[in-house]
Amino acid sequence: MPRDKEKQKEYNRLYRIANKEHIKEYDRLHKKLWRKTPQGKKQNTMSTWINQGVANVNDAMYDKYINTHCCDVCSKEFKNSLDRHLDHNHDTGDFRQILCRACNSRDSWIRKIEA
């Protein structure tokens, strides 16, 4: 049995070498199409949050983000997904609120919460 596994392993290695460009193109296309699916969008968004330093990223946070249609501070309605931002504490990584682009770029809203 181990001999058959070794033959298969060697066959797979040679196949990957012979079809390197085909495999590369397939992977590129597959990733591009998968990112357009709801599950792909979700994973991509959550991975971006993790890379930006957001702590404890989970499905509930993503669902809240997707289902929020107006800014938590100024109540401005989001026109598109580019207007919606997940705000977090850059020191601790803790999620704070979902903000519009304008509120996310200034921190005066923090004083409103603390007051």
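Brief remarks follow.
- Residues being of a type in the set (Ser, Thr, Tyr) and assigned to a helix (DSSP H, G or I) - total across the range 45-102: 6
- Answer residue from the range 88-106, given it is in contact with a Phe, Trp or Tyr (Cβ under 7 Å, 6 or more places away or on another chain) and within 15 Å of Val57 (Cβ to Cβ) and is surrounded by the fewest Cβ atoms within 10 Å (Cβ to Cβ) among those: His88
- Ser75 vs. criteria at pLDDT 90 or above and either loosely packed, with under 10 Cβ neighbours inside 10 Å or acidic (Asp, Glu) (or both): yes
- Filter pass, Gln43 being modelled with pLDDT of 90 or more and under 30 Å from Asn12 (Cα atoms): yes
- Qualifying residue in the range 48-69 (condition: among the acidic types (Asp, Glu) and at pLDDT 90 or above): yes
A quick yes/no check of all residues on (1) hydroxyl-bearing (Ser, Thr, Tyr); (2) over 26 Å from Asn89 (Cα atoms); (3) open to solvent by less than 70 Å² (accessible area, probe 1.4 Å):
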| site | (1), (2), (3) |
| --- | --- |
| Lys9 | no, yes, no |
| Arg13 | no, yes, no |
| His22 | no, yes, no |
| Thr45 | yes, no, yes |
| Asn51 | no, no, no |
| Asn67 | no, no, no |
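The values are calculated or read from the model by the stated rules, or taken from the named source; none is laboratory data. These numbers come from a predicted model, not from an experiment. Cβ: placed from backbone, ideal geometry, glycine included. Neighbour counts: every protein chain shown. These area figures cover heavy atoms from the full protein model, side chains too; ligands, DNA and RNA do not enter into them. Shrake-Rupley method; radii C 1.70, N 1.55, O 1.52, S 1.80 Å.
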